[in-house]
Amino acid sequence: MILSPSLLSADFARLAEELGALEAAGVTWLHLDVMDGAFVPNITFGPPLIKALRSVSGLFFDVHLMVNDPARYIADFHKAGADMLVIHAEADKHPQRTLTAIRAMGCKAGLALNPGTDVNAARWLAADMDMLLLMSVNPGFSGQAFIPATFDKIRAARQMLDANGGAEALIQIDGGVCPENTAELVDAGAEVLVSGSAFFGHKPYDKRLAAFMAPLAGRTPRHAEDALRRRAANHITQK
């Protein structure tokens, strides 16, 4: 399992220090939520902040574009330092074209689905993505309660991906993730977990990371451990 802490819950007055603390704790990914105030009812940050953070961090930047017509911005975010760009199926009229364009830039491509969007909406895009992000809360704000139906959705998503050329795609879960549901999420088929306040609100970060990992001791995910390690390493190292 890969934990990708959400930057929105970090201390914005000390971001460089926060990223350094994450790396020292053994965290490898960072989730960056970009919101436009239109697709979701909130506004966050854009390429300049990501560029500034890229200059001080070696973390894998997992950039979640919660914006309308994301194709307009993918080049800017890639240049700023994104390692993966995740677009919403609900926000892009031509997601296959956008996913292909993201990969053509040398960036990992991901597709996100809102809680009410069926996994089959991504069926014909399975081979075009490196990761499928399933929102387990309605996007826009941190601290929301986890939607229990997500567990069944993860299982359905894994079956859909495996049957349609997306066996190598990771499944990411975003919203309401905490140590108490980590094991059940991984057992269902999740491989990358996003956590905001449930992670950043509990220092020191090395102990909090360990708390997320502890429930997984002795468990075998649906995909073999060696396959997961190979895919995870590929996502981290091939930037």
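Each value in this text was obtained by applying a stated rule to the coordinates, not by laboratory testing. For clarity, every value in this text was computed on a predicted model and none was experimentally measured. Quick reminder, even Gly has a Cβ in these numbers, built from the backbone with ideal geometry, and neighbours come from all protein chains shown.
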**Asked** Taking the alpha-carbon set of region 163-213, what are its Rg and Dmax in Å?
**Response** 12.6, 41
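What is the sum of charges, Lys and Arg at +1 and Asp and Glu at -1, for the other residues whose Cβ falls under 13 Å from the Cβ of GLY26?
On the way: positive: LYS207, ARG208; negative: GLU23, ASP206.
It works out to a net charge of 0.
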**Message:** Output needed: percent of Cα pairs per 10 Å distance bin for region 77-219, bins running from 0 to the one holding the longest distance.
**Reply:** 12, 39, 35, 13, 0
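Counting DSSP beta bridges with both partners in the chain, what percentage is antiparallel, nearest 5? Before the final figure, lay out the partial values.
Values: 1 of 34 bridges.
That works out to approximately 5 percent antiparallel.
As a test of the formula, what do you get for the chain when each DSSP H run with n ≥ 4 contributes -39,500 (n - 2.57) and the sum is divided by the residue count, at 222 nm and rounded to the nearest 500 deg cm²/dmol?
Numbers: 9 runs with 86 residues, N = 239.
Calculated mean residue ellipticity at 222 nm is -10500 deg cm²/dmol.
Working from the alpha-carbon coordinates of region 84-157, get Rg over Rh, Rh being the Kirkwood radius. Mind dumping the intermediate values first?
Details: Rg = 12.5 Å, Rh = 12.8 Å.
Answer for region 84-157: 0.98.
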**Asked** Over the chain, what relative contact order in percent results from Cα pairs under 8 Å that are six or more residues apart?
**Response** 20 percent
**Item:** Cα-based Rg / Dmax (Å) for region 4-103
**Value:** 13.5, 41
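Students often check this: by mean Cβ neighbours within 10 Å, which of 64-77, 196-209 ranks highest, and how do the rest follow? Walk me through the numbers before you get to the answer.
Numbers: 64-77: 19.9, 196-209: 17.2.
Result, highest mean Cβ count within 10 Å first: 64-77, 196-209.
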**Fill in**
Against the 2.2 N^0.38 Å rule of thumb, the C-alpha Rg of the chain sits at a ratio of 0.92
